[in-house]
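The values are calculated or read from the model by the stated rules, or taken from the named source; none is laboratory data. Worth saying up front: this structure is predicted, and the values here are computed from it rather than measured. Glycine gets a Cβ as well: all are built from the backbone with ideal geometry, and neighbour counts include every protein chain shown. Calculation scope for accessible area: heavy atoms of the full protein, side chains included, ligands and nucleic acids excluded. Shrake-Rupley method; radii C 1.70, N 1.55, O 1.52, S 1.80 Å.
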Amino acid sequence: MSGSNDHIGTASRRYGKATIADAEALLRRGGLVAVPTETVYGLAADSTNAAAVAEIYRTKGRPDFNPLIVHVPDLHAATMLGQFNDLAVEFAETFWPGPLTLVVPKAVNCPVVPAVTAGLDTIALRCPAHPVMRELLSIPGLFLAAPSANRSGGISPTTADHVTRSLGDAVPLILDGGACEKGIESTIIAVDDGDYRILRPGPVTPAQLAAIAGKPAATSDRGTIEAPGQLLSHYAPAKPVRLDIETAQCDEYHIGFGAVPGDINLSAHSDLAEAASQLFAALHLAEASEKPRIAVAPIPDSGIGLALNDRLRRAASPR
Ligand code: TXA
Ligand code: MG
């Protein structure tokens, strides 16, 4: 895939023993490495190094009020950074490693620099399942802050090629591990006291969470943006997007689903997990196409469909 593509820069290298050693050396001296995870590619740096963290924000053009997720190898490591109550432990034991991020109070001696959490007294922690990311996380003492490896506000990357298109030469090393399996960012939940709130829908569905917690998520009533990924315009292609469209106009690149064929179809047999894995790649294709506008077929608002529609609403919202 990558070898034949013009857009791939020299920074993109197939993952292997030598590239992991180079990645470790780069991370240890405060550099950035783009790494595949099962959700999307992340832009990783040492979360205990202030200069490295500043470089993440600069490279993404990310506002400094938008905190980063810290990636850990297991729950034990997570408890050095955050405080886990019984419910948080239960979620971690059930869904880790996997596409769930837990926002918990910061641990008292948390070594992560304040910029990572944008000054908040909570921290977002995730234990990913992807073997490449896990290999980096097995390096002792490395806690990796890693937002999605795209320019702030743009479409998330699910291939090494997407990372190169979005960030170009700004990233010294991109570990190419192929396409991401889930294709949509982790579910983020905040756990405080006995309750939990869904801050960003994702591959772990509300029903799966409720089955573990024994109750549905509490509704977020704080009136402020808790996860700035919830900003209304996000994941946005550089073209207008219309949703719930069964018949597109001739100047629209049509993203289909199920019986609505489209120029590309997210899942011909209406499988929402398959559709999620294809969504960002389809938006990248739509953005690169000659058509000036994008239309997207209706997608059921249940299960992972909730996460798909969440991303699509933000992609379509005025900016
Ligand atoms: O699947 C994923 O989560 C990917 C991969 C690379 O792990 N990462 C990812 O990171 O999507 P990013 O930076 O694109 O999105 C992180 C979201 C942001 O919306 C941020 O506002 C929220 O996590 N966040 C981070 N720390 C938080 C905190 N303490 N409280 C609330 N939200 C937080
Ligand atoms: Mg992102």
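The set of residues in the range 289-319 that are touching a residue at least 60 places away in the same chain (Cβ under 8 Å), over 25 Å from residue 207 (Cα atoms) and out of contact with any strand residue (DSSP E or B) (no Cβ under 7 Å at 6 or more places or on another chain) comprises 317, 318, 319.
Which of the residues that make up the range 240-262 are more than 10 Å from residue 295 (Cα to Cα) and open to solvent by 20 Å² or more (accessible area, probe 1.4 Å)?
Hits for the range 240-262 are 250, 259, 260, 261.
Select from the range 119-152 the residues that are in a helix (DSSP H, G or I), out of contact with any helix residue (DSSP H, G or I) (no Cβ under 7 Å at 6 or more places or on another chain) and more than 10 Å from ligand 1 (Cβ to nearest atom) and list them in ascending order. Passing the criteria: 131, 132, 134, 137.
Residues checked against (1) within 16 Å of ligand 2 (Cβ to nearest atom); (2) closer than 20 Å to residue 131 by Cβ; (3) open to solvent by 20 Å² or more (accessible area, probe 1.4 Å):
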residue	(1), (2), (3)
17	no, yes, yes
22	no, yes, yes
30	no, no, no
33	no, yes, no
39	yes, yes, no
43	yes, yes, no
48	no, no, yes
53	yes, no, no
69	yes, yes, yes
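For the condition at pLDDT below 95, surrounded by 23 or more Cβ atoms within 10 Å (Cβ to Cβ) and either within 24 Å of residue 294 (Cα to Cα) or within 16 Å of ligand 2 (Cβ to nearest atom) (or both), what is the one hit in 184, 155?
155
Of all residues in the range 76-97, those satisfying the criterion of being touching a residue at least 40 places away in the same chain (Cβ under 8 Å) and among the small types (Gly, Ala, Ser) are 77, 78, 82, 88.
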